[in-house]
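Q: I'd like to ask you about the structure that follows.
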Amino acid sequence: MAAGAFLRRCHRTLVDIPRLTPQLTSHPHHHYPRFLTTTTATPASTALTDFSQPLPEVAPRTRLTPLSPSYYTGSPEYYDNLLALQDLLRSHQALPTIHGDDAPGVQWKTLEEYRLIIGDQVKPSRYNKIVRILDRLNRIDPAIMPAETKAALALYARPENPELRRRAERTVDNFGRAYAIGRRKTAVARVFLVEGEGEVLVNGLPIVKKFSRMHDRESVLWPLIVSGRVDKYNVFAVVKGGGKTGQAEACTLAIARALRIHEPALKHVLREAGCVTVDHRQVERKKPGHVKARKMPAWVKR
């Protein structure tokens, strides 16, 4: 009797599964990875068999499997997008690229817009991975960029707004001066660059008195050295905050930016020399129990 009740219960369950499966698979949902499919397997042999009664017809077992391999992750929509972009980049890795400055200017969707699209709170660090892949794909030569790559980039690009993309172009003022600001660590340098004989004043002092180290003086004049304009421009800088090295590197960035206002054609020369690249590194803070940021006190046995 127990074996017969067990078989009837199994039969009822297996008969109900095909009836409930369409409800599971056809339920409308806007997230693609959350769709489910059904795969049919061969019926397994039953260990308990009642030979006194004929076995009822047993429906084949049905197993629910997700379409997306990222279904069991915390953010299936995000990982689907990331894997799709990685596969696209892997397939077009060998295509020739152009310099980042010459790549088409595209503004990608913001983190908030992306979160609204996929309906998940994606971390900024994870979205930055997608942005880096998009920037790499955007550097493919536009003349040979595949159509699928263009379609993928269009999905993440923001609608073009000429008013938002318009920047206030800096020019030389009525006195022939180019004004620019540079920052490094906690130092801020404001520089006026004007055509002259090569005079350099920092906070009203000659560069030799302001920066005693030769390396700092070379850092200040590095944009003029690599462009061969040391004797063509006068530099008047006002520096505040930070130490000597931070002030010198802040002047480097400010002078390079001011020099680009005078001569935009020097853009590639200055970039190759590393003069216009912003260095965002900061001094790591001291931690409790440490001598400095990471240095630990000497271990004493007793």
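The values are calculated or read from the model by the stated rules, or taken from the named source; none is laboratory data. Computed from a prediction, not measured in an experiment: that's the story for all the values here. Here the Cβ is made from the backbone with ideal geometry for all residues, glycine too, and neighbour counts use every protein chain on show. Quick note on the areas: whole protein, heavy atoms, side chains included, nothing else; ligands and nucleic acids left out. Shrake-Rupley method; radii C 1.70, N 1.55, O 1.52, S 1.80 Å.
Q: Normalised by the residues of region 145-284, what does the relative contact order come to in percent, with Cα pairs under 8 Å and at least six apart?
A: Relative contact order comes out at 30 percent.
Q: Quote the charge dipole size of region 177-273 about the Cα centre in Debye, to the nearest 20; the model charges only the Cβ of Lys and Arg (+1) and of Asp and Glu (-1).
A: Once rounded to the nearest 20, the dipole reads 460 debye.
Q: Below 17 Å, Cα to Cα, which lysines can Lys210 reach? Residues fewer than 8 away in the same chain don't count.
A: Answer for Lys210, where 17 Å is the Cα cut-off: Lys240, Lys244, listed by chain and number.
Q: If you roll a 1.4 Å probe over the heavy atoms of the protein chains, what accessible area per residue do you get for region 177-273, in Å²?
A: 49 Å²
Q: If you roll a 1.4 angstrom probe over the protein chains with everything in place, what fraction of the accessible area of region 177-273 belongs to carbon and sulfur, to the nearest %?
A: Numbers: 2570 of 4760 Å².
Taking all protein chains in place, region 177-273 shows 54 percent carbon and sulfur surface.
Q: At a 1.4 Å probe radius, carbon and sulfur cover how many percent of the accessible area of region 73-162?
A: Ligands and nucleic acids excluded, carbon and sulfur give 55 percent.
Q: For region 186-262, which trypsin sites (Lys or Arg not before Pro) are both in a DSSP coil and crowded by at most 13 other Cβ atoms within 10 Å?
A: On the way: sites: Arg190, Lys209, Lys210, Arg213, Arg217, Arg229, Lys232, Lys240, Lys244, Arg257, Arg260; in loops: Arg213, Arg229, Lys232.
For trypsin sites (Lys or Arg not before Pro) across region 186-262 that sit outside H, G, I, E and B with at most 13 neighbouring Cβ atoms in 10 Å, the list reads Arg213.
Q: Provide the gained length on full extension for the span Arg158 to Thr245, in nm with one decimal, where the gain is 0.36 nm per separating residue minus the Cα-Cα distance.
A: Taking Arg158 through Thr245 to full extension adds about 27.3 nm, to one decimal.
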